[in-house]
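Read-outs throughout are calculated quantities, based only on the coordinates presented, and are distinct from any laboratory measurement. Predicted model, so just to flag it, every value in this text is computed and none were measured. Here the Cβ is made from the backbone with ideal geometry for all residues, glycine too, and neighbour counts use every protein chain on show.
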Amino acid sequence: MSNKTFTMIKPDAVANGHTGKIIDDILQAGFKIEAMKYLQLSRAQAESFYGIHRERPFFKDLVDFMISGPIVAAILEKDNAVESFRTLIGATNPEQAAEGTIRKKYAKSIDANAIHGSDSDANAAIEGSFFFSQFERF
Ligand code: GDP
């Protein structure tokens, strides 16, 4: 169990003006922000980040969406960070997300679902180091 996870506030949430409220939800849930940056992904970067989904039918739509506007990427710290953050953001499909979760509050659809959260300690380390070189070793 690691105390770090990686997140991105996705283009829909940034474009809809939800960045501040989502960061506040994250802080109110007890996460500490270790690093944060605002950027727009290139196509090559988005394809690389989501490479595990390359064979999925929605891969091109996912990449198109993720490069459609700026995002906020961050490394977060809390005990049991990965699981705790997945609970905070809710199910991938906002229609199935629990009340009070970030996706329930701010996401419109399964593709434009407001926020990313790493699904394992290993992926948190890989994803964090994709954006923040000083965190190559968690
Ligand atoms: P997550 O770990 O909850 O983000 O979900 P996954 O790892 O399964 O999928 C990664 C991302 O791909 C999701 O957050 C969605 O943005 C997107 N995605 C997943 N399923 C679909 C789908 O059926 N259609 C589209 N367009 N996007 C999807």
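Look through 74, 107, 124 and report the one residue that is within 23 Å of residue 58 (Cα to Cα), in contact with a Ser or Thr (Cβ under 8 Å, 6 or more places away or on another chain) and touching a residue at least 40 places away in the same chain (Cβ under 8 Å).
It is 124.
Of everything in the range 27-62 that's within 16 Å of the ligand (Cβ to nearest atom) and among the hydrophobic types (A, V, I, L, M, F, W, C), which residue is surrounded by the fewest Cβ atoms within 10 Å (Cβ to Cβ)?
Among those residues, the one meeting the criterion is 52.
Could you tell me which numbered condition residue 96 fails, if it satisfies all but one of (1) touching a Pro at 6+ places or on another chain (Cβ under 8 Å); (2) within 12 Å of the ligand (Cβ to nearest atom)?
Among (1) touching a Pro at 6+ places or on another chain (Cβ under 8 Å); (2) within 12 Å of the ligand (Cβ to nearest atom), the lone unmet condition for residue 96 is (1).
Give just the number: which of (1) in a helix (DSSP H, G or I); (2) small (Gly, Ala, Ser); (3) free of Cβ contacts under 8 Å to residues at least 12 places away in the same chain does residue 84 not satisfy?
Every condition holds for residue 84 apart from (3).
For the range 20-62, which residues satisfy the criterion of being within 20 Å of residue 103 (Cα to Cα), in contact with a Leu (Cβ under 9 Å, 6 or more places away or on another chain) and part of a helix (DSSP H, G or I)?
Answer for the range 20-62, where residues must be within 20 Å of residue 103 (Cα to Cα), in contact with a Leu (Cβ under 9 Å, 6 or more places away or on another chain) and part of a helix (DSSP H, G or I): 25, 26.
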